[in-house]
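Report on the following structure.
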Amino acid sequence: MCGRFTNGADPDAVIRAYSLDIPFDWRPRFNIAPGQSMLGVRRGEDGADEAALLRFGLIPAWAKDRKLAYKMINARAETLTERPAYRSLLRTGRCLIVADGFYEWRVMPDGTKQPVRFSLLDREVFSFAGLWARWVDRESGEAIESATIITTGANTLVGSVHDRMPAILGDQAEEDWLDPDVGPAHALSLLRAYPAGLMTAALASPAVNSVRNDSPELLVA
(Lines give C-alpha, C1' and ligand atoms only; values in the text may rest on other atoms or scores of the structure.)
Protein backbone atom coordinates (compact mmCIF):
# COMPACT_ATOMS: atom_id res chain seq x y z
CA MET A 1 0.00 0.00 0.00
CA CYS A 2 1.07 3.58 -0.57
CA GLY A 3 -1.19 5.96 1.33
CA ARG A 4 1.17 8.85 2.09
CA PHE A 5 4.08 10.22 0.14
CA THR A 6 6.21 13.31 -0.39
CA ASN A 7 7.10 15.56 -3.29
CA GLY A 8 9.31 18.05 -1.52
CA ALA A 9 11.61 18.66 -4.46
CA ASP A 10 12.10 22.20 -5.69
CA PRO A 11 9.68 22.86 -8.58
CA ASP A 12 12.63 23.79 -10.80
CA ALA A 13 14.15 20.35 -10.15
CA VAL A 14 10.88 18.75 -11.22
CA ILE A 15 10.77 20.87 -14.38
CA ARG A 16 14.32 19.80 -15.24
CA ALA A 17 13.70 16.14 -14.46
CA TYR A 18 10.64 15.88 -16.71
CA SER A 19 11.51 18.56 -19.31
CA LEU A 20 8.12 20.24 -19.05
CA ASP A 21 6.43 23.34 -17.68
CA ILE A 22 4.11 23.34 -14.68
CA PRO A 23 1.37 25.80 -15.74
CA PHE A 24 -0.28 25.93 -12.32
CA ASP A 25 0.73 26.72 -8.76
CA TRP A 26 2.58 23.85 -7.13
CA ARG A 27 4.55 23.93 -3.90
CA PRO A 28 6.68 21.24 -2.27
CA ARG A 29 4.56 18.78 -0.28
CA PHE A 30 5.64 16.56 2.61
CA ASN A 31 2.49 14.62 3.50
CA ILE A 32 0.33 13.95 0.45
CA ALA A 33 -2.76 11.95 1.45
CA PRO A 34 -5.80 10.43 -0.29
CA GLY A 35 -8.26 13.04 -1.52
CA GLN A 36 -5.53 15.65 -1.97
CA SER A 37 -3.94 16.92 -5.17
CA MET A 38 -0.78 15.30 -6.46
CA LEU A 39 1.48 16.22 -9.35
CA GLY A 40 1.24 13.90 -12.34
CA VAL A 41 2.74 13.66 -15.81
CA ARG A 42 0.83 12.24 -18.77
CA ARG A 43 1.08 12.16 -22.54
CA GLY A 44 -1.05 14.93 -24.03
CA GLU A 45 -3.14 14.80 -27.18
CA ASP A 46 -0.37 16.61 -29.06
CA GLY A 47 2.05 13.80 -28.20
CA ALA A 48 4.03 15.86 -25.69
CA ASP A 49 4.26 15.18 -21.97
CA GLU A 50 2.23 17.53 -19.79
CA ALA A 51 1.92 18.20 -16.06
CA ALA A 52 -1.45 17.58 -14.42
CA LEU A 53 -2.99 18.05 -10.99
CA LEU A 54 -4.64 14.75 -10.11
CA ARG A 55 -6.74 13.87 -7.10
CA PHE A 56 -5.25 11.01 -5.05
CA GLY A 57 -7.79 8.19 -5.37
CA LEU A 58 -9.20 7.08 -8.70
CA ILE A 59 -12.79 7.91 -9.65
CA PRO A 60 -13.60 5.81 -12.74
CA ALA A 61 -15.52 7.59 -15.50
CA TRP A 62 -18.51 5.31 -14.90
CA ALA A 63 -18.70 5.84 -11.11
CA LYS A 64 -22.01 7.12 -9.73
CA ASP A 65 -20.28 9.34 -7.19
CA ARG A 66 -16.82 10.27 -5.94
CA LYS A 67 -16.94 8.09 -2.82
CA LEU A 68 -15.31 5.21 -4.68
CA ALA A 69 -12.03 7.17 -4.78
CA TYR A 70 -11.06 6.29 -1.21
CA LYS A 71 -11.20 2.59 -2.09
CA MET A 72 -9.00 3.12 -5.14
CA ILE A 73 -5.92 4.95 -3.91
CA ASN A 74 -3.79 1.95 -4.92
CA ALA A 75 -4.03 -0.67 -7.65
CA ARG A 76 -2.19 -3.98 -7.41
CA ALA A 77 0.06 -4.57 -10.43
CA GLU A 78 -0.73 -8.28 -10.37
CA THR A 79 -4.47 -7.82 -10.89
CA LEU A 80 -4.71 -4.80 -13.21
CA THR A 81 -6.05 -6.86 -16.10
CA GLU A 82 -8.65 -8.51 -13.85
CA ARG A 83 -10.27 -5.31 -12.59
CA PRO A 84 -12.67 -3.54 -14.98
CA ALA A 85 -11.78 -0.16 -13.50
CA TYR A 86 -8.13 -0.60 -14.46
CA ARG A 87 -8.15 -2.82 -17.53
CA SER A 88 -9.03 -0.11 -20.06
CA LEU A 89 -6.88 2.50 -18.32
CA LEU A 90 -3.88 0.25 -18.77
CA ARG A 91 -4.17 1.15 -22.46
CA THR A 92 -5.44 4.71 -22.34
CA GLY A 93 -4.82 6.18 -18.87
CA ARG A 94 -1.22 5.57 -17.90
CA CYS A 95 0.50 8.41 -16.03
CA LEU A 96 3.41 9.18 -13.74
CA ILE A 97 2.97 10.38 -10.16
CA VAL A 98 5.87 12.64 -9.18
CA ALA A 99 7.45 11.96 -5.78
CA ASP A 100 10.67 12.15 -3.81
CA GLY A 101 9.73 9.69 -1.07
CA PHE A 102 6.95 7.65 0.51
CA TYR A 103 5.96 6.59 4.01
CA GLU A 104 5.20 3.26 5.62
CA TRP A 105 4.67 2.56 9.32
CA ARG A 106 6.80 0.29 11.52
CA VAL A 107 5.18 -1.22 14.62
CA MET A 108 7.44 -0.48 17.59
CA PRO A 109 7.89 -2.76 20.66
CA ASP A 110 5.47 -0.62 22.68
CA GLY A 111 2.79 -1.01 20.01
CA THR A 112 3.07 2.50 18.61
CA LYS A 113 3.55 3.05 14.89
CA GLN A 114 6.65 4.90 13.70
CA PRO A 115 6.58 6.37 10.18
CA VAL A 116 9.51 5.47 7.95
CA ARG A 117 10.27 7.44 4.80
CA PHE A 118 11.76 5.66 1.82
CA SER A 119 13.57 7.52 -0.96
CA LEU A 120 16.07 6.83 -3.74
CA LEU A 121 19.83 7.17 -3.57
CA ASP A 122 20.28 7.79 -7.29
CA ARG A 123 17.44 10.26 -8.02
CA GLU A 124 16.24 13.42 -6.28
CA VAL A 125 12.79 13.10 -7.80
CA PHE A 126 11.17 10.01 -9.32
CA SER A 127 7.92 8.52 -10.55
CA PHE A 128 5.34 6.07 -9.33
CA ALA A 129 3.43 4.29 -12.09
CA GLY A 130 -0.18 5.47 -12.06
CA LEU A 131 -3.49 5.28 -13.88
CA TRP A 132 -5.70 8.34 -14.30
CA ALA A 133 -9.29 9.04 -15.36
CA ARG A 134 -11.62 11.98 -15.85
CA TRP A 135 -14.97 11.84 -14.04
CA VAL A 136 -17.89 14.26 -14.43
CA ASP A 137 -20.45 14.78 -11.68
CA ARG A 138 -23.83 14.22 -13.30
CA GLU A 139 -25.57 16.74 -11.06
CA SER A 140 -23.12 19.64 -10.90
CA GLY A 141 -21.15 19.07 -14.10
CA GLU A 142 -17.89 19.32 -12.14
CA ALA A 143 -15.03 17.43 -13.78
CA ILE A 144 -12.41 15.74 -11.60
CA GLU A 145 -9.19 14.19 -12.86
CA SER A 146 -7.94 11.56 -10.45
CA ALA A 147 -5.38 8.77 -10.27
CA THR A 148 -4.37 5.63 -8.44
CA ILE A 149 -0.81 4.62 -7.56
CA ILE A 150 0.15 1.13 -8.69
CA THR A 151 1.81 -1.10 -6.11
CA THR A 152 3.91 -4.24 -6.35
CA GLY A 153 5.56 -6.64 -3.94
CA ALA A 154 8.12 -4.96 -1.71
CA ASN A 155 11.89 -5.28 -2.05
CA THR A 156 13.94 -6.36 0.95
CA LEU A 157 14.37 -2.82 2.31
CA VAL A 158 10.69 -1.86 2.24
CA GLY A 159 9.71 -5.43 3.08
CA SER A 160 11.14 -5.04 6.58
CA VAL A 161 8.22 -2.65 7.22
CA HIS A 162 5.49 -3.54 4.69
CA ASP A 163 4.88 -6.23 2.09
CA ARG A 164 3.87 -3.79 -0.67
CA MET A 165 5.49 -0.73 -2.23
CA PRO A 166 4.70 1.68 -5.06
CA ALA A 167 5.91 0.64 -8.50
CA ILE A 168 8.80 3.07 -9.09
CA LEU A 169 9.88 3.57 -12.70
CA GLY A 170 13.40 4.20 -13.97
CA ASP A 171 14.12 6.68 -16.78
CA GLN A 172 13.43 4.36 -19.73
CA ALA A 173 10.50 2.77 -17.92
CA GLU A 174 8.93 6.23 -17.50
CA GLU A 175 9.11 6.79 -21.25
CA ASP A 176 7.73 3.35 -22.04
CA TRP A 177 4.90 3.69 -19.50
CA LEU A 178 3.70 6.93 -21.11
CA ASP A 179 4.15 5.75 -24.70
CA PRO A 180 0.68 4.96 -26.14
CA ASP A 181 2.31 2.61 -28.65
CA VAL A 182 3.55 0.38 -25.83
CA GLY A 183 1.02 -2.39 -25.29
CA PRO A 184 -0.30 -3.69 -21.96
CA ALA A 185 2.00 -6.72 -21.87
CA HIS A 186 5.17 -4.64 -21.97
CA ALA A 187 3.66 -2.00 -19.68
CA LEU A 188 2.92 -4.65 -17.07
CA SER A 189 6.51 -5.91 -17.25
CA LEU A 190 7.69 -2.49 -15.99
CA LEU A 191 5.84 -2.86 -12.69
CA ARG A 192 8.37 -4.41 -10.37
CA ALA A 193 10.10 -3.57 -7.11
CA TYR A 194 12.82 -0.94 -7.37
CA PRO A 195 16.24 -2.36 -6.35
CA ALA A 196 16.68 -2.19 -2.59
CA GLY A 197 20.35 -1.26 -2.99
CA LEU A 198 19.34 1.98 -4.72
CA MET A 199 17.02 3.06 -1.91
CA THR A 200 17.38 4.41 1.60
CA ALA A 201 15.12 4.57 4.64
CA ALA A 202 14.93 7.01 7.55
CA LEU A 203 12.62 7.45 10.51
CA ALA A 204 10.17 10.33 10.11
CA SER A 205 8.21 12.41 12.59
CA PRO A 206 5.08 10.89 14.16
CA ALA A 207 3.38 14.14 13.13
CA VAL A 208 3.03 12.52 9.69
CA ASN A 209 0.08 10.65 11.19
CA SER A 210 -2.08 13.78 10.87
CA VAL A 211 -2.88 14.88 7.33
CA ARG A 212 -3.09 18.45 8.63
CA ASN A 213 0.68 18.49 9.05
CA ASP A 214 2.71 19.28 5.94
CA SER A 215 6.18 20.75 6.43
CA PRO A 216 9.85 19.76 6.00
CA GLU A 217 10.01 19.06 9.75
CA LEU A 218 8.06 15.84 9.10
CA LEU A 219 11.18 14.31 7.53
CA VAL A 220 13.02 14.32 10.88
CA ALA A 221 12.08 11.83 13.61
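The values are calculated or read from the model by the stated rules, or taken from the named source; none is laboratory data. Computed from a predicted structure; not experimentally measured. FYI the Cβ positions are ideal-geometry reconstructions off the backbone, even for glycines, and counts take in every protein chain you see.
One table, with the values for the structure above:
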read-out: Region 206-221, residues that are within 15 Å of LYS113 (Cα to Cα), in a loop (DSSP other than H, G, I, E, B) and modelled with pLDDT of 95 or more; value: SER210
read-out: Test: residue in region 137-146 that is free of Cβ contacts under 8 Å to residues at least 12 places away in the same chain, in a strand (DSSP E or B) and either surrounded by fewer than 17 Cβ atoms within 10 Å (Cβ to Cβ) or on the phi < 0 side of the Ramachandran plot (or both); value: yes
read-out: Criterion: without any contact (Cβ under 8 Å) to a residue 60 or more places away in the chain, touching a helix residue (DSSP H, G or I) at 6+ places or on another chain (Cβ under 8 Å) and at negative phi - qualifying residue of VAL220, VAL208, VAL182; value: VAL182
read-out: Residues that are of a type in the set (Gly, Ala, Ser) and either touching an Asp or Glu at 6+ places or on another chain (Cβ under 9 Å) or over 24 Å from VAL211 (Cα atoms) (or both), drawn from region 38-75; value: GLY40, GLY44, GLY47, ALA48, ALA51, ALA52, ALA61, ALA63
read-out: Breaking point among (1) free of Cβ contacts under 8 Å to residues at least 12 places away in the same chain; (2) within 27 Å of ALA61 (Cα to Cα); (3) of a type in the set (Gly, Ala, Ser), for ALA129; value: (1)
read-out: Conditions (1) closer than 29 Å to SER205 by Cβ; (2) among the aliphatic types (A, V, I, L, M); (3) out of contact with any helix residue (DSSP H, G or I) (no Cβ under 6 Å at 6 or more places or on another chain): number failed by ALA75; value: (3)
read-out: Any strands (runs of 3 or more DSSP E) falling wholly within region 76-122 and containing at least 1 residues that are among the hydroxyl-bearing types (Ser, Thr, Tyr) and surrounded by 14 or more Cβ atoms within 10 Å (Cβ to Cβ); value: 101-107, 113-120
read-out: Yes/no for THR6 being out of contact with any Cys (no Cβ under 6 Å at 6 or more places or on another chain), β-branched (Val, Ile, Thr), in a helix (DSSP H, G or I) and modelled with pLDDT of 95 or more; value: no
read-out: Selected residue (only one of ALA17, ALA52 is under 16 Å from PHE126 (Cα atoms) and over 15 Å from the mean Cα position of the chain (by Cα)); value: ALA17
read-out: Region 120-146: number of residues that are under 26 Å from MET199 (Cα atoms) and aliphatic (A, V, I, L, M); value: 5
read-out: Filter result (in contact with a Pro (Cβ under 6 Å, 6 or more places away or on another chain) and farther than 11 Å from ILE168 by Cα) within region 116-131; value: none
read-out: Residues that are part of a loop (DSSP other than H, G, I, E, B) and either under 18 Å from THR6 (Cβ atoms) or charged (D, E, K, R) (or both), drawn from region 155-176; value: VAL161, HIS162, ASP163, ALA167
read-out: Residue list for region 139-159, restricted to those being modelled with pLDDT of 95 or more and more than 22 Å from GLY40 (Cβ to Cβ); value: GLY153, ALA154, ASN155, THR156, LEU157, VAL158, GLY159
read-out: Enumeration of residues in region 177-205 that are part of a loop (DSSP other than H, G, I, E, B), of a type in the set (Gly, Ala, Ser) and loosely packed, with under 13 Cβ neighbours inside 10 Å; value: GLY183
